[in-house]
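Engineer: Handing you a structure now.
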Amino acid sequence: MNNFLLICIFIITSIFIYILIRFSDKLKLVDIPNDRSMHNTVTPRGAGIAFVSSIFLILSFFDFDYLIKYYYIYLAILIVFIAGVLDDYKDISPKIKFIFIFLSALLLYVNDLAIYSLGTYFGYEIILPSWFIFPFTFFAIAGYTNAFNLMDGLDGLAGSIAIVIFTVFFAIGLEHNDELLITLSSFFIISLIAFLLFNWNPAKIFMGDSGSLSLGMVVVILSIQALEYITPASVLLIIALPILDTFIVMTRRIQRGQSPFKADKNHMHHFLFNVKGDVRYTVIILIMMQIIFSLIGYQVSQANNLISLVLFILLFYIYLNLFDQRLKRRKKEKK
């Protein structure tokens, strides 16, 4: 790990974000509030353009050999990043986004970065049949990338959650001397720290889809890479919050007879914000939750898959009942 590269990434990210804030109107990178927004003022967006492109720029100038070595990793990130940039500029359709994600997943698959096993349970390893490896990998990549995108709902939330997750993968990389886990996670940790200086409440700029989609993609890549050393079920815990949030929201929509893909304001951050009405409080609580999940996942990373899976299912059940928007209505009806 090169400290010089990290310092350069931090500085360039900060400069790029400052430029985006200054010229957001001319660049047409502004977020106009709507009925699902958690902010009330027009705010610059697209900071993902800054913190992702700064990493590519620094690597291109100072460590091109490393960039070539893992070309398929960074090209897959770049493809999703481009989809995010296009969406920040002119709101492309979900179908177009899925095409970009499909191409990224295919690129990773042909370079042998895919999910081949779901772990060992009761002494039997669940190995995916060859014809199912790519569809399942694509489903995991597309599902988590979009789940992480949905987490970007409050100032500082998505960036902070990503830092927690990347820190655990960085630790796993150090433990097993994995170059990709160490470098990729550290690059994004540093760039996100620079971003949070501008994004912490009250935010001067939002990351936009260029940031959230890219971060979701990076988390999935690190997760698949980490499967060489830890159990699949423990990975679910390390990256838990966006998964739990999406599962819970989709379950609630199905219970109400609605489409599971319908947009609403029933995510975890909406629920907590409605309770306290404080953005920073809500974000800190969710960061602490992710820290707990990630630490549990790291601690049980070498344990039996069944234990980790049971823990994840238990967490899902607890949070499914805890983050229920209907609780307030039920209390009012009782009164």
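Nothing in this text is a laboratory measurement; each read-out follows from the coordinates by a stated rule. None of these values were measured; they are calculated from a predicted model. Methodologically, a virtual Cβ is constructed for each residue, glycine included, from the backbone with ideal geometry; neighbour enumeration extends over all protein chains shown.
Engineer: Using the Karplus curve 6.51 cos²θ - 1.76 cosθ + 1.60 with θ = phi - 60°, work out ³J(HN,Hα) for each residue of the stretch 83-96 in order, rounded to whole Hz, and write x for Gly and Pro.
Structural biologist: 3J(HN,Hα) across the stretch 83-96, in whole Hz: 4, x, 5, 4, 5, 5, 7, 9, 6, 6, 6, x, 4, 5.
Engineer: I would also like to ask the following. Order of 207-214, 231-238 by packing, highest average Cβ count within 10 Å first?
Structural biologist: Packing proxy ranking, top to bottom: 207-214, 231-238.
Engineer: Sequence-distant or interchain residues sharing an amide H contact under 5 Å with Ser117, placed H: which?
Structural biologist: Leu128
Engineer: Can you tell me, using C-alpha contacts under 8 Å and at least 6 residues apart, the relative contact order of the chain as a whole percent?
Structural biologist: After rounding, I find 22 percent.
Engineer: Now, a different point. Less than 11 Å Cβ to Cβ from Gly173, Lys/Arg counted +1 and Asp/Glu -1: what total charge do the surrounding residues give? Provide the component values of the computation, followed by the final result.
Structural biologist: Numbers: positive: none; negative: Glu175, Asp178, Glu179, Glu228.
Computed value for this residue: -4.
Engineer: Now a separate question. Note down the net charge around Leu113, summing +1 for each Lys or Arg and -1 for each Asp or Glu among other residues with Cβ under 15 Å from its Cβ.
Structural biologist: Values: positive: Lys69; negative: Asp112, Asp178, Glu179, Glu228.
Cβ neighbours under 15 Å give a net charge of -3.
Engineer: With +1 on each Lys and Arg Cβ and -1 on each Asp and Glu Cβ, how big is the dipole of the chain about its Cα centre, in debye rounded to the nearest 20?
Structural biologist: Numbers: 25 positive and 22 negative charges, 382 e Å.
Dipole size: approximately 1840 debye.
Engineer: Enumerate the amide H contacts of Asp31 below 5 Å, restricted to partners 5 or more residues apart or on another chain; note that Pro and chain-start residues carry no placed amide H.
Structural biologist: The answer is Thr43, Arg45.
Engineer: Another question about this same structure. DSSP loop trypsin sites (Lys or Arg not before Pro) in the stretch 1-104 with at most 12 other Cβ atoms within 10 Å of their Cβ, which ones?
Structural biologist: For trypsin sites (Lys or Arg not before Pro) across the stretch 1-104 that sit outside H, G, I, E and B with at most 12 neighbouring Cβ atoms in 10 Å, the list reads Lys28, Arg36.
Engineer: Then there's this: With the contact rule set at Cα under 8 Å and sequence spacing of 6 or more, what percent relative contact order holds for the stretch 1-99?
Structural biologist: In percent, rounded to a whole number, it is 26.
Engineer: Per 0.36 nm of contour for each residue apart, how much would the distance between Asn321 and Leu86 grow if the chain were fully extended, relative to their Cα-Cα spacing?
Structural biologist: That works out to 80.9 nm of additional length.
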